[in-house]
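The values are calculated or read from the model by the stated rules, or taken from the named source; none is laboratory data. For clarity, every value in this text was computed on a predicted model and none was experimentally measured. When we count neighbours, we look across all protein chains shown, and the Cβ atoms used for this are built from the backbone with ideal geometry, even at glycine. What goes into the accessible areas is simple: the full protein's heavy atoms, side chains included, and nothing from ligands, DNA or RNA. Shrake-Rupley method; radii C 1.70, N 1.55, O 1.52, S 1.80 Å.
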Amino acid sequence: MAREANNVLLFEANDWMLDVLKHNTNSDPTVVDAVVQNFSWAGGFGSEWHTPHNSNVRTLAKFDFQIERDDYTAVVGVGNNTDPLPYLLSYSYNAVVVGVSSGDHSTGLTADPASNGYGPGRSKPDLVVGGDGTTVSAATATVSSAATILREAVAGTDADRSEPMKAILMAGATKNEFAAWTRLPGVPLDDTFGAGELNVLNSYKIQLGGQRDGNTDSAAAPDAGTHGWDYGDITASDDLYYDFIVDSGSKASELSVILAWNAQIPSFSSSDPLLANLDLEFRDSSGPLIDFSVSSVDSVEHIYIEDLTPDTYTLKISADSASDFGLAWRMETAFDALDADFDDNSVVNGRDFLIWQQHNGTLINATNADGDADGDGDVDNDDLAVWNSVVGLSLPTAAAVSGLPEPTSCLLATLGAGALLLRRRRFQTP
């Protein structure tokens, strides 16, 4: 998918571990000048590739050290079947770990061996990619392509870092493909499907929403908007707050929030990775806790809520020690009643079509005055279909047909008639 990536370096896996990662030495890994690195292979040292062989632990430590130091997005795969998770490289803290939407891959929690453990108890993968017959190798490359596109789009901003990019990819993922998708406050990801299925458009809209800096004062929390991200630092003494607003006359069908941060590697052989413990809480305006994500072992937290009613909600990030982090979110909204009277003059006519035409293609933050008829924050053919269904009607009549069929299903049937109505009324518009 990443057609603009015209400089691609290829390595044989063993040569990469020996010459780039230098896994069998105490030397720092070589710097590779690439913003995205794809690893469509899985394996491990020792007789069992899912065991904590010393070389597996050393390799993972060097890998996570390199990701943090060089600030690139690493995308790795799990196994192609339901065997235990391969130690290399799916046990990584700092990479994006990928499976397939069919669920035919290594799943579950990272193991808890008696010795030489590398982060036991974490759910993998982080993301999945769809399509019958898709292999983990192909899925991994697809996520790497998406990361390349997105990192090009955010170049020059703080989103061009490993932590916010991981959060942007994961927050964009969808769950409706999986009837059994679930998470718990202490287990942020589904054991089989992670945060869900990759959706490049959702992730692109998240980066398009821009950076919103959290505030240490909950009373001065920024309006996060429907899409956005943040990158920053947090300490144990200063929580950070963000407000999410669902306007009157609207609802939010879903809110997806991902918090991601990297493990620090103090030594390649003599100590475990250092991982700050960051948590998420989500409350409504009256204060009660609605949802939270408080894993003590993961390097991600995830809140996913459906059917939010009008209110101002506050998200809080807290930490037990200092760390930098990436945060990303998307909130899918809709009006309670469809409304194509974009200029609010009590009649739906050619002026409203002109407003739609001027803003067609807006992806986020569109208002009804911009031509958003269904309240999802964009201006597209769904909104044109609503206009076609009520053009020429006065406001009371238009309001009475708010229970229209799905816009995409009525678009083709009404588009021609709408164009004729517009032509006939051109000189009647005051």
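Listed here are the residues, each with its yes/no results for (1) at pLDDT below 95; (2) open to solvent by 40 Å² or more (accessible area, probe 1.4 Å).
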site	(1), (2)
A155	yes, yes
A159	no, no
E163	no, no
A180	yes, yes
N199	no, yes
R212	no, yes
N215	no, yes
Given (1) under 17 Å from the mean Cα position of the chain (by Cα); (2) open to solvent by 10 Å² or more (accessible area, probe 1.4 Å), where does I168 come up short, assuming only one miss? (2)
Considering only the range 1-18, state which residues are surrounded by 13 or more Cβ atoms within 10 Å (Cβ to Cβ) and at pLDDT 90 or above. F11, A13, W16, M17, L18
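Determine whether A138 is within 22 Å of L198 (Cβ to Cβ), out of contact with any strand residue (DSSP E or B) (no Cβ under 6 Å at 6 or more places or on another chain) and surrounded by 24 or more Cβ atoms within 10 Å (Cβ to Cβ).
Values: within 22 Å of L198 (Cβ to Cβ): yes; out of contact with any strand residue (DSSP E or B) (no Cβ under 6 Å at 6 or more places or on another chain): yes; surrounded by 24 or more Cβ atoms within 10 Å (Cβ to Cβ): no.
The answer is no for A138.
Is there a residue in the range 42-51 that is free of Cβ contacts under 8 Å to residues at least 60 places away in the same chain, in a helix (DSSP H, G or I) and acidic (D, E)? Reasoning before the result, please.
In the first step, residues of the range 42-51 are kept if they are free of Cβ contacts under 8 Å to residues at least 60 places away in the same chain; the result is 43-49.
Cutting the leftovers down to in a helix (DSSP H, G or I) gives us none.
Within the range 42-51, none of the residues are free of Cβ contacts under 8 Å to residues at least 60 places away in the same chain, in a helix (DSSP H, G or I) and acidic (D, E).
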Can you work out which of the residues in the range 182-197 that are farther than 12 Å from S101 by Cα and among the β-branched types (V, I, T) is surrounded by the most Cβ atoms within 10 Å (Cβ to Cβ)? V187
Hits in the range 53-108 - residues which are in contact with a Leu (Cβ under 8 Å, 6 or more places away or on another chain) and assigned to a helix (DSSP H, G or I): N56, T59, L60, K62, F63, Q66, Y87, L88, L89
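With respect to A236, is the statement that it is open to solvent by 20 Å² or more (accessible area, probe 1.4 Å), of a type outside the set (K, R) and out of contact with any His (no Cβ under 9 Å at 6 or more places or on another chain) true?
Numbers: open to solvent by 20 Å² or more (accessible area, probe 1.4 Å): yes; of a type outside the set (K, R): yes; out of contact with any His (no Cβ under 9 Å at 6 or more places or on another chain): yes.
Yes: the conditions hold for A236.
Please determine, by comparing only the residues of the range 287-315 that are of a type in the set (D, E) and open to solvent by 50 Å² or more (accessible area, probe 1.4 Å), which one is nearest to D126 (Cα to Cα).
Among those residues, the one meeting the criterion is E306.
Please pick out the residue among P188, P266 that is under 29 Å from G119 (Cβ atoms) and touching a His at 6+ places or on another chain (Cβ under 8 Å).
Numbers: P266 fails: touching a His at 6+ places or on another chain (Cβ under 8 Å).
Within the list P188, P266, the selection yields P188.
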